[in-house]
Protein chains: 2
Amino acid sequence: MSERIPILRIGDVLLVSVQSDLEDQTVLNLQEDLADQIVARSAGGVVIDISALEIVDSFVGRMLATMAAISRMLDARTVVVGMRPAVAITLVELGLSLGGVSTALDLEKGLAKLRRPSDAAPR
Amino acid sequence: MSERIPILRIGDVLLVSVQSDLEDQTVLNLQEDLADQIVARSAGGVVIDISALEIVDSFVGRMLATMAAISRMLDARTVVVGMRPAVAITLVELGLSLGGVSTALDLEKGLAKLRRPSDAAPR
C-alpha cells in the first residue's frame, strides 16, 4: 500500500506539506483526501507547503495545479508557500504558471493571506 | 414527453436541483426553462444544487458550464452548491474547471455568497 500524506488543520485552513519523490498513487490519494477533507471540515482555505521541494518536474507542477483547481471547485482558496527560487524558475519554464493560485513566501504569510479575503486567490 | 426539472424561487434567486441520469431533452428543457424564468422573474442569482450527483461525466459537466453561461448572459450570478469531493476531482480531470462559476459547499453558503456582491462569480 502506498503512503498517505497527512493533512493538518489550523482553524478552517487545511495544511498539506508536499514532499518530493511521490508515487503516482500517493498523489492520487492526496488529491482525494484533500477534496474529502475540504468538504468534511468546511475548509475555507488550503495551504500547500512545498518548501521540501528542491526541484520540480512537470509531474509535480501539474499536481500542484490540479490540487489548486480541486480546492477552488470546492470553494477553498489556495496559497502555495515555501517555493524555492529554483522551483519558481522551473515552473515558469515549464509553462506552469499556476494561474489563479496565490503564493506566499512562508506559512505565516500564507495564513495571513487567507485571512484577508481580497488578497487570496480567486475562488 | 420527457420530464421537466422544477425551478424553485427564493427571493430573487432561482434554485435548480440537478439529478443524475438526465436525458438530453430534459437538459435542453431545463436550460430553456431557466433562461425563461431568469427573465420572467428578473432573477439576480441562480443556485445550481448538485448534491444529488455522486459522479459526473463530460455531458453533465458541460451542462453545468452551459447553464452558468446562460445565467451570466442574462445578468444572473451563478453559484454551484453541494459538490461532492469525487465530483470536484472528476471535473478538474475533465478540464471542466467551470471558469467564472462560483461554488459553495451548501445551499446556505451559496445564498450567502449571492448576497455579497463582490464575492460571487464575475458576471
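For this structure, a couple of remarks:
- Per this entry, B:Ser102 is counted among residues that are of a type outside the set (A, V, I, L, M) and in contact with a Pro (Cβ under 9 Å, 6 or more places away or on another chain).
- Any chance B:Ala43 is in a loop (DSSP other than H, G, I, E, B) and on the phi < 0 side of the Ramachandran plot: yes
- Among the residues listed as A:Leu53, A:Leu28, A:Leu96, the single one being closer than 30 Å to B:Asp106 by Cα and either free of Cβ contacts under 8 Å to residues at least 24 places away in the same chain or away from chain B (no Cβ under 14 Å) (or both): A:Leu28
- Residue match in the stretch A:99-109 (condition: within 15 Å of A:Val46 (Cα to Cα), touching a residue at least 60 places away in the same chain (Cβ under 8 Å) and not in a loop (DSSP other than H, G, I, E, B)): yes
- Failed criterion for B:Ser42 (all others in (1) modelled with pLDDT of 90 or more; (2) among the small types (Gly, Ala, Ser); (3) closer than 19 Å to B:Thr103 by Cα hold): (3)
- Only residues that are touching a Ser or Thr at 6+ places or on another chain (Cβ under 6 Å) and either of a type in the set (A, V, I, L, M, F, W, C) or assigned to a loop (DSSP other than H, G, I, E, B) (or both) were counted in the stretch B:14-40, giving 1.
- Count - residues of the stretch A:46-60 that are in a helix (DSSP H, G or I) and surrounded by 20 or more Cβ atoms within 10 Å (Cβ to Cβ): 1
- Total residues in the stretch B:67-89, condition open to solvent by 40 Å² or more (accessible area, probe 1.4 Å) and at the interface with chain A (Cβ under 10 Å from one of its Cβ atoms): 2
- Among the residues of the stretch A:16-43, those that are open to solvent by 20 Å² or more (accessible area, probe 1.4 Å) and within 21 Å of A:Arg115 (Cα to Cα) comprise A:Ser17, A:Gln37, A:Val39, A:Ala40, A:Arg41, A:Ser42.
- Every test in (1) closer than 30 Å to A:Arg62 by Cα; (2) away from every other protein chain (no Cβ under 13 Å); (3) out of contact with any helix residue (DSSP H, G or I) (no Cβ under 8 Å at 6 or more places or on another chain) is passed by B:Val39 save one, and that test is (1).
- So B:Ile5, is it in contact (Cβ under 8 Å) with a residue 40 or more places away in the chain and surrounded by fewer than 16 Cβ atoms within 10 Å (Cβ to Cβ): no
- Number of residues in the stretch B:90-104 that are open to solvent by 30 Å² or more (accessible area, probe 1.4 Å) and closer than 19 Å to B:Ile55 by Cα: the value is 6.
- Condition met for B:Met63 (away from every other protein chain (no Cβ under 14 Å), touching a Ser or Thr at 6+ places or on another chain (Cβ under 8 Å), farther than 20 Å from A:Ala68 by Cα and of a type in the set (A, V, I, L, M)): no
- Condition check for B:Ala112: hydrophobic (A, V, I, L, M, F, W, C) and facing chain A (nearest Cβ under 8 Å): no
The values are calculated or read from the model by the stated rules, or taken from the named source; none is laboratory data. Small disclaimer: the values here were computed from a predicted structure and weren't measured. Here the Cβ is made from the backbone with ideal geometry for all residues, glycine too, and neighbour counts use every protein chain on show. What goes into the accessible areas is simple: the full protein's heavy atoms, side chains included, and nothing from ligands, DNA or RNA. Shrake-Rupley method; radii C 1.70, N 1.55, O 1.52, S 1.80 Å.
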